[in-house]
Ligand SMILES: [Zn+2]
């Protein structure tokens, strides 16, 4: 298996695996060689944009 972000071979690292839930079902969202790659992937994919937990003064 390879890192979702940088395509490195995960066997050479202590990989971080991510899962998402969809209607209570767990889906594999990717594997990363470390938290730096996970963080970079999040930034690149803009996964935190338009997040529901964003504070909105208008409600
Ligand atoms: Zn990586």
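Pairs only if they're at least six apart or on different chains, beta carbon under 8 angstrom, first in segment 35-53 and exposed (fewer than 12 other Cβ atoms within 10 Å of the Cβ), second assigned to a loop (DSSP other than H, G, I, E, B) and modelled with pLDDT of 85 or more; list them, first residue then second.
Pairs found: 44/5.
Hey, among the residues in segment 8-59 that are in a loop (DSSP other than H, G, I, E, B) and touching a helix residue (DSSP H, G or I) at 6+ places or on another chain (Cβ under 7 Å), which one's modelled with the highest pLDDT?
Within segment 8-59, the match that is modelled with the highest pLDDT is 33.
The values are calculated or read from the model by the stated rules, or taken from the named source; none is laboratory data. Remember, predicted model here, so these are calculated numbers, not experimental data. Ideal geometry is used to build each Cβ from the backbone, glycine not excepted, and the neighbour counts take in all protein chains shown.
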